[in-house]
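Novice: Below is a structure I'd like to ask you about.
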Amino acid sequence: MSTDSTSFTSNLTRLDNIIAEMGGLAEVQLAEAIDAMVRRDRELADQVILSDKRIDSHEAEVDDLAVGMLAQRQASADDLRIVITALKTSAIIERIGDYAKNIAKRSIAMSQTPPIGPTKAIARMAGQVQAMIKNVLDAYVARDADKADHVRASDSEVDLLHSSLFREILTYMMEDPGNISSCTHLLFVAKNIERIGDHATNIAENVHFLVHGNVPSEQRVKGDDSSYAIVSANGANGAEP
């Protein structure tokens, strides 16, 4: 094997390692952002916000390494697919980190208002999304398309949870106007978590592409109808027909 080929293969492994580390950081960042929200811990929230820079730094490292690899030699179709997938995946993980940072910022604002019930339900939803992140990263490293497809399918459960939480939070707002400030922050937190689930699903689709050379043919099932949710004055909720 030539020196160029050895170097290229080594860099492919390095790309995988950076992606895995980025994903691990994003998973921890989300967990700590939710923990800061539940425990109303401003110091921890501040740490989450600062830690986002590490993910940004890793994304820049992936960009530089990928560009250097593509300039190093004419890559095969398989190698090119790996490099392109790494670039796309690192960008997605960076966005996950941004959403976790946003949750931490919301938790700081919420720490100054009285606690409300839906906070713990949102923490349970976040736990499900954390599992999606872990599983899809395992699938990426193992090149396990079946596991990635399972993560993709599980996103509909997160969507359903988000829709349910959306209605519950709106009901809290309707029942007591004093909850409006806290509930508004919770609505954004819930949406950020739902979007992180979407991004984990996007990584799953990247893994499918990496293994099979094409994107999944079946339409992704979406269970989130919060955009159409309505809440009546007496607190009953439903969805527009």
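Bear in mind these aren't lab numbers, they're just calculated from the coordinates by the rules spelled out. Treat the numbers as computed from the prediction; the structure is a model and nothing was measured. Note that each Cβ is placed from the backbone with ideal geometry, even for glycine, and that neighbours are counted across all protein chains shown.
Novice: With each run of n ≥ 4 DSSP H residues scored as -39500 (n - 2.57), what mean residue ellipticity at 222 nm is computed for the chain after dividing by its residue count and rounding to the nearest 500 deg cm²/dmol?
Specialist: Working: 6 runs with 191 residues, N = 241.
When only DSSP H runs of four or more count, the value is -29000 deg cm²/dmol.
Novice: Further question on the same structure: Under 1.5 on a/c is rounded, so check that first for the range 53-193, then, if it is not, pick prolate when a/b is larger than b/c and oblate when it is not; a ≥ b ≥ c are the square roots of the alpha carbon gyration tensor eigenvalues.
Specialist: Numbers: a/c = 3.95, a/b = 2.10, b/c = 1.88.
The shape class here is prolate.
Novice: If you build the Cα gyration tensor of the range 3-88 and take the root of 5 times each eigenvalue, what three semi-axes come out, in whole angstrom, biggest first?
Specialist: Here the semi-axes work out to 35, 10, 9 Å.
Novice: Here is a further query. Could you work out how much longer the chain between K88 and E21 gets when fully extended? Use 0.36 nm per residue separation minus the Cα distance between them, nm to one decimal.
Specialist: Separation in residues times 0.36 nm, less the Cα-Cα distance, equals 22.6 nm.
Novice: What is the gain in length, in nm to one decimal, between H150 and V67 on full extension, counting 0.36 nm per residue of separation less the C-alpha to C-alpha distance?
Specialist: Roughly 26.7 nm would be gained on extension.
Novice: Under a Cβ-only charge scheme (Lys and Arg +1, Asp and Glu -1), can you give me the dipole magnitude of the chain about the Cα centre, in debye to the nearest 20?
Specialist: 340 debye
Novice: Something else: What nm distance separates the two modelled labels at R124 and K53, each placed 7 Å from Cα along Cα→Cβ?
Specialist: 3.8 nm
Novice: Here's a follow-up. When N is the residue count of the range 49-127, what does its C-alpha Rg come to as a fraction of 2.2 N^0.38 Å?
Specialist: Scaled against compact globular proteins, the figure is 1.60.
Novice: Quick one: compute the contact order of the range 3-239, relative version, from alpha carbon pairs under 8 angstrom and 6+ residues apart, as a percent.
Specialist: 24 percent
Novice: Quick check: pseudo-label points 7 Å beyond the Cα along Cα→Cβ at H212 and D138, how many nm apart are they?
Specialist: In this crude spin-label approximation the distance works out to 2.1 nm.
Novice: Using a 10 Å cut-off around each Cβ, can you sort S164, S217 from fewest to most neighbouring Cβ atoms? Before the final figure, lay out the partial values.
Specialist: Values: S164 18, S217 6.
Going from least to most buried by this count: S217, S164.
Novice: Anything in the chain that counts as a DSSP H helix reaching 24 Å or more along its axis (C-alpha) with Kyte-Doolittle mean of at least 0.0? List them, would you? Write down the numbers at each step before the final one.
Specialist: Details: long enough: 3-39 (53 Å, 0.17); 42-72 (46 Å, -0.23); 77-110 (49 Å, 0.25); 118-142 (36 Å, 0.39); 145-175 (46 Å, -0.29); 180-212 (48 Å, 0.30).
Going by DSSP H runs, the hits are 3-39, 77-110, 118-142, 180-212.
Novice: List, largest first, the extents of the alpha carbons of the chain along their principal axes, each in whole Å.
Specialist: Principal extents (Cα only, largest first): 72, 42, 22 Å.
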